[in-house]
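One structure below.
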Amino acid sequence: MTSMYTINYALRAHKRDPFIEFIKGMLMTPFVLHAKPIPQTDDPTEKDEEYHMDANVARYCDILSSIEELINEHIRKQAKGVPDQSRLKRLVPSISTFHTQLPLRESFLSANAKHSIAARRFVPPSFNDIRRILNTAQITAIAPKLKLITFDGDMTLYDDGQDFEHDSALVNLLVSLLKYNLIVCVVTAAGYPGDALRYEQRLSGLLKGFENARLSKNMCEKFFVLGGECNYLFQCKEDYHLKYLPETKYQPQNILSWSSDQINAILDVAQENLQRCIDEMKLQCTVLRKSKAVGIVPKPNVKIFREQLDECVLSTQHRIVNYLNSPWGKKNDLPFCAFNGGSDVWVDIGNKLIGVQILQQFLGATPGETLHVGDQFLSTGNDFATRHQCCTLWIVNPDETQGVLLELTALLEAKKSERSLLTLLDHSKILLDSQTI
């Protein structure tokens with residue numbers, strides 16, 4: 001007989017991140033055993049709050065240092081081609097690929113200085129605490145070698161369904177990234193085949209910011225938009241407009257070989273299941289079909305609950321996988337992505353994993369030089385797959401995107417200053433050597 005605990009766990013698994021839950025569980029031990037409320041007593045030996053807090057910092061640091069070692073061992077096993085043999089893989093079977101080391105201890109100390117995590121007696125380290133610590137660790141690790149940074153659109157750069165506003169604080173931050181000679185790309189599920197004007201409308205505030213900053217031709221051409229997960233690539237030109245790049249210029253042959261019959265077969269299965277979900281749950285939605293996507297969007301002034309959206313996603317994933325594994329569906333086995341967009345559900349042919357791979361090959365960046373920023377890293381989200389191909393930052397809204405970019409630009413500026421100092425020292429040495437001669 002299946003226990004209620006098992007049922008609940010199965011139902012909630014898509015809302016959890018196993019690695020964050022693992023870290024959270026490890027940090028619960030010192031919290032439960034040592035982070036006790038300060039007793040109401042006059043005995044000074046029992047009221048030394050500063051001592052208790054410092055001891056908790058040390059205990060949390062010890063645990064995070066141990067997790068760093070687990071990650072480093074996993075990376076060594078990856079390099080040997082046997083990641084399944086790592087201890088971390090045994091502890092967290094779903095663990096993905098690590099493209100850099102993660103200085104978790106250092107990041108915790110930074111987070112603790114801001115949020116006083118170790119001082120808390122009644123609230124243990126939370127999911128969001130750990131998510132932010134991982135973000136800071138990833139920023140610290142990748143900043144010295146970052147070459148390509150990609151962003152989700154909705155709820156990462158702008159609010160869901162909205163356009164990039166000209167007064168957004170992110171405008172100047174993205175301009176700064178281009179000035180630091182980084183390649184910047186928006187990788188979005190929004191699919192407007194070959195329609196540069198539609199993407200320009202969604203990103204109008206950002207493109208206007210490029211114009212106001214008078215970015216050079218070279219900087220403008222380092223900005224790209226990849227739409228439909230991986231299907232439509234645009235490049236910014238010196239007139240601050242987007243230009244559509246033909247698929248033959250950047251897509252590998254295995255993607256160019258996807259036929260319309262294969263695409264339509266998968267979308268037909270997806271559309272049938274989405275329509276079934278609408279009928280069974282009596283959702284006030286409209287089905288939209290595009291050339292490489294199908295989705296459901298709520299009617300005006302209608303909100304669909306998250307649980308209903310997740311039901312549509314998970315059932316459609318299940319239906320398509322079963323179809324592709326069937327004797328009559330194997331010939332149409334193409335990658336796809338079914339995801340909860342926050343207010344709608346979409347099934348796209350291709351996914352952001354393929355999108356990031358395409359960009360890396362086209363622009364010459366390795367996984368360890370690539371960073372993806374997004375808000376959909378649960379298994380029902382479309383940023384989830386990118387973890388296999390690049391480093392990632394998990395944010396929840398544009399304000400958090402602003403925060404992580406402020407951290408990143410501070411490190412990039414420090415790196416730039418260090419490089420300038422080294423150049424100055426080299427010139428001084430050359431000058432001294434010439435004078436000595």
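The values are calculated or read from the model by the stated rules, or taken from the named source; none is laboratory data. Keep in mind that this is a model prediction, so the values were computed, not measured. Note that each Cβ is placed from the backbone with ideal geometry, even for glycine, and that neighbours are counted across all protein chains shown. For the accessible areas, the whole protein counts, side chains as well, though only heavy atoms, and no ligand, DNA or RNA atoms are used. Shrake-Rupley method; radii C 1.70, N 1.55, O 1.52, S 1.80 Å.
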With every protein chain in place, the chain: carbon and sulfur % of accessible area (1.4 Å): 53 percent
Spin-label pair Arg276/Lys249, simplified geometry with 7 Å Cα→Cβ offset, distance in nm: 4.2 nm
Whole-number accessible area per residue in Å² for the chain, which is evaluated in the context of all protein chains at 1.4 Å: 50 Å²
Amide H contacts of Val373 (H built 1.01 Å from N, under 5 Å, at least 5 apart or other chain): Thr150, Phe151, Asp152, Leu393
Descending semi-axes in Å of the stretch 224-346, equivalent ellipsoid built from Cα gyration tensor: 28, 22, 10
Inter-site label distance for Gln101 and Trp328 at 7 Å from Cα along Cβ, in nm: 5.6 nm
For Leu288, residues with placed amide H under 5 Å, excluding near neighbours: Gly295, Ile296, Val297
Radius of gyration, Dmax [the chain; alpha carbons; angstrom]: 24.4, 89
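With all protein chains present and a 1.4 Å probe, how do Glu400, Glu106 order by accessible area, largest first?
Result of the area sort, largest leading: Glu106, Glu400.
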Residue among Gln284, Pro252, Leu242 farthest towards the positive dipole end of the stretch 240-292, charges placed on Cβ: Leu242
Paramagnetic label zone (point 7 Å from Cα along Cα-to-C-beta, Ala58; backbone N under 17 Å) in the stretch 67-111: 109
Virtual paramagnetic centre 7 Å along Cα→Cβ of Ser257, amide N under 14 Å, in the stretch 299-341: 331-335
Charge context of Arg387, other residues only, Cβ under 11 angstrom, K/R +1, D/E -1: -1
Gain in span if fully extended, Val123 to Lys303, counting 0.36 nm per residue against the direct Cα distance: 61.6 nm
15 Å beta-carbon shell around Lys290, net charge (K/R +1, D/E -1): -2
Projected label distance in nm at Glu73 and Leu411, using a 7 Å step from Cα toward the beta-carbon: 2.5 nm
30 Å Cα-Cα threshold exceeded, pairs from Lys208/Lys352; Lys237/Lys416; Lys249/Lys303; Lys249/Lys292; Lys24/Lys303: Lys249/Lys303; Lys24/Lys303
Among Leu104, Val269, Met26 the positive-end extreme of the charge dipole of the chain (Cβ point charges): Val269
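For the chain, list the DSSP H helices whose alpha carbon atoms reach 20 Å or more along the long axis and whose average Kyte-Doolittle value is 0.0 or above?
Passing helices, by number: 18-34, 127-142.
Hey, got a sec? Which trypsin sites (Lys or Arg not before Pro) in the stretch 274-359 land in a DSSP loop and have at most 10 other Cβ atoms within 10 Å?
Lys282, Lys303
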